[in-house]
Amino acid sequence: MLIEENIPLAPLTTFRIGGPARFFVEAKSLADVQDAVAFSQSRNLPLFVFGGGSNLLVADTGWPGLVLKVAIGGIDRRAGTDDGKVLFDVGGGESWDRFVSHSVIADCAGVECLSGIPGSVGGTPVQNVGAYGQEVSQTIDAVEVFDTKDGQVRQLCNEACGFSYRSSIFNTSERGRFIILRVAYALIPGGEPYLEYADLKRHFAGRETRPNLAETREAVRHIRARKGMLIIEGEPDCRSAGSFFKNPVISAAQHEELRKRADAMKLTIPSYPALEKNMKVSAAWLVEHSGYSRGYGFGHAGISSKHALAIVNRGDATAADVLALKDEIQHRVEQIWGVRLETEPVFVGSGE
Ligand SMILES: Cc1cc2nc3c(=O)[nH]c(=O)nc-3n(C[C@H](O)[C@H](O)[C@H](O)COP(=O)(O)OP(=O)(O)OC[C@H]3O[C@@H](n4cnc5c(N)ncnc54)[C@H](O)[C@@H]3O)c2cc1C
């Protein structure tokens, strides 16, 4: 295991922002993970687990301890489950989109709508990655983790992961405790693609035959590219961490208050039922109706010209620039709509 020093983190993130890691290690096996954790514990260094760097805002001062990048690879197809599904055991360091492509080629349904999401397989359970009507919580069978509390390797079943919208135990109650080594997904062989989401319905409108998994994957990638949500090298709207704000999930009473404010401005706020008795409101709509149009500039940071929810690095932005824009947006949205937007990316190091 090679432990490097003062490694710049910005090039390893999709935002291209942030200072260096004091120590940095790429863990290709369980043994590497064990050695790296022992190294950080013996020196009392704070440990940060890094995946594909697509949901991170790294502080300008970097990370003062050890950054452990999970690089465990491999996609293994296993015997199926009792209900006829096929299990894929995937290394935490595998590219997520490579796995989606692999599953589509193998004609297995369940993650096709999650095509084009950047990052690693190990990153997907953390915020229960979701898009176009699918979430990984619907297909994750189990997550293999290294427990930094006692050094044991454990299998966490789906229920133990506590999944909900953009949330799991990995980014809430047990944040920082588990290193995800492998994830097992249960997919449906020969299954139909999931085509319930409005954007996908529009894409295939007028078609007489039902699209297959590969066509659905291509459609999702196409829609994402239009919104700047597909990483394309050299494309300025891609220097982001995806959506910067979550869609607020609010109570019926809060929603009524919001509706009244919108009515007074002769506007209709897009929202839909979520969980029991709650409503989910479009964060993009709130941002756009608080004076922030796509392409809004704020020094070196700004809003994507294709998507109101993505804060982008317009070149040479610092983490401080991004945080200042984030504060401004949160403040204005709260002032106008009475809703506090929660952020989605993980802040690494000081600054937040
Ligand atoms: C253009 C773009 C589009 C996006 N679209 C979507 C979308 O549609 N839906 C969506 O949900 N997200 C989206 N994202 C966000 C991001 O891609 C996902 O959250 C992704 O799963 C993050 O994975 P990662 O490997 O890059 O994790 P990182 O960004 O490296 O880390 C994110 C968090 O996960 C933890 N982590 C990562 N790997 C491990 C591991 N092996 N063990 C333990 N903890 C780990 C880190 O410590 C950190 O807390 C988008 C991002 C971008 C840039």
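With springs connecting C-alpha atoms under 10 Å apart, model the chain as a Gaussian network and identify which of Arg207, Arg77, Arg340 has the largest mean-square fluctuation.
So, out of Arg207, Arg77, Arg340, the one fluctuating most is Arg207.
GNM, the chain, Cα, under 10 Å: largest mean-square fluctuation among Lys69, Lys277, Lys227?
Per the Cα network of the chain with a 10 Å cutoff, Lys277 tops the list.
Over the alpha-carbon set of segment 264-350, divide Rg by the Kirkwood Rh and report the Rg/Rh ratio to two decimals. Each step should come with its number before you reach the end.
Details: Rg = 14.1 Å, Rh = 14.1 Å.
With Rh from the inverse mean 1/r over Cα pairs, Rg/Rh is 1.00.
Students often get this wrong, so check it: of Lys28/Lys149; Lys85/Lys246; Lys85/Lys306, which have C-alpha atoms separated by over 30 Å? Walk me through the intermediate numbers first.
On the way: Lys28/Lys149 21 Å; Lys85/Lys246 32 Å; Lys85/Lys306 37 Å.
In this structure, Lys85/Lys246; Lys85/Lys306 lie more than 30 Å apart at Cα.
What is the pair-distance distribution P(r) of segment 201-304, computed from all Cα-Cα distances in 10 Å bins starting at 0, with each bin given as a whole percent?
All Cα pairs, binned at 10 Å, distribute as 12, 30, 31, 24, 3 percent.
Can you tell me the length gained on complete extension of the stretch Cys157 to Glu288, counting 0.36 nm per residue apart and subtracting the Cα distance?
On the way: separation 131, 0.36 × 131 = 47.16 nm, distance 3.95 nm.
Separation in residues times 0.36 nm, less the Cα-Cα distance, equals 43.2 nm.
Please find, in a Gaussian network model of the chain (springs between Cα atoms separated by less than 10 Å), the residue of Ser167, Ser251, Ser137 whose mean-square fluctuation is greatest.
Checking each option, the largest mean-square fluctuation is seen for Ser251.
For segment 182-263, with only Lys/Arg (+1) and Asp/Glu (-1) charged at the beta-carbon, what is the dipole magnitude about the Cα centre, in debye rounded to 20?
Numbers: 15 positive and 12 negative charges, 23 e Å.
Charge dipole of segment 182-263: 100 debye, to the nearest 20.
Could you check the simple spin-label distance between Met1 and Asp82, using points 7 Å along Cα→Cβ, in nm with one decimal?
Inter-label distance under the simple model: 3.9 nm.
Alpha carbons only, please: Rg and Dmax for the chain, in angstrom.
Here Rg and the maximum Cα pair distance are 20.6, 63 Å.
Would you mind ranking Met1, Met229, Met279, Met265 so that the residue whose beta carbon has the fewest other beta carbons within 10 Å leads the list? Kindly include the intermediate steps, with their values, before the conclusion.
On the way: Met1 14, Met229 24, Met279 21, Met265 10.
In order of increasing Cβ crowding within 10 Å: Met265, Met1, Met279, Met229.
Could you tell me how far the Cα centroid of segment 26-54 sits from the Cα centroid of segment 279-352, in Å?
Using only Cα atoms, the two centres lie 31 Å from each other.
Where does each of Asp97, Asp150, Asp263 land when they are ranked from fewest to most other beta-carbon atoms within 10 angstrom? Can you show the working numbers first?
Values: Asp97 21, Asp150 6, Asp263 11.
Ranking Asp97, Asp150, Asp263 by Cβ neighbours within 10 Å, fewest first, gives Asp150, Asp263, Asp97.
With the crude spin-label approximation of a point 7 Å out along Cα→Cβ, what separation in nm comes out for Thr209 versus Ala106?
Output for this residue pair reads 2.5 nm.
As a check on your grasp of the helix formula, calculate [θ] at 222 nm for the chain: sum -39500 (n - 2.57) over DSSP H runs of n ≥ 4, divide by the residue count, round to the nearest 500.
Numbers: 7 runs with 81 residues, N = 352.
Mean residue ellipticity at 222 nm (helix-derived): -7000 deg cm²/dmol.
Answer rounded, prolate or oblate for segment 43-108, using the Cα gyration tensor with square roots of eigenvalues a ≥ b ≥ c: rounded when a/c is under 1.5, else prolate when a/b is larger than b/c, else oblate.
Values: a/c = 3.87, a/b = 2.45, b/c = 1.58.
Prolate shape, in that a/c is at least 1.5 and a/b is the bigger ratio.
Provide the gained length on full extension for the span Ala320 to Ile336, in nm with one decimal, where the gain is 0.36 nm per separating residue minus the Cα-Cα distance. Mind dumping the intermediate values first?
Working: separation 16, 0.36 × 16 = 5.76 nm, distance 2.44 nm.
That works out to 3.3 nm of additional length.
No lab work stands behind these numbers, since they all come straight from the coordinates. Computed from a prediction, not measured in an experiment: that's the story for all the values here. Here Cβ is always computed from backbone atoms with ideal geometry, including for glycine, and neighbour counts include all displayed protein chains.
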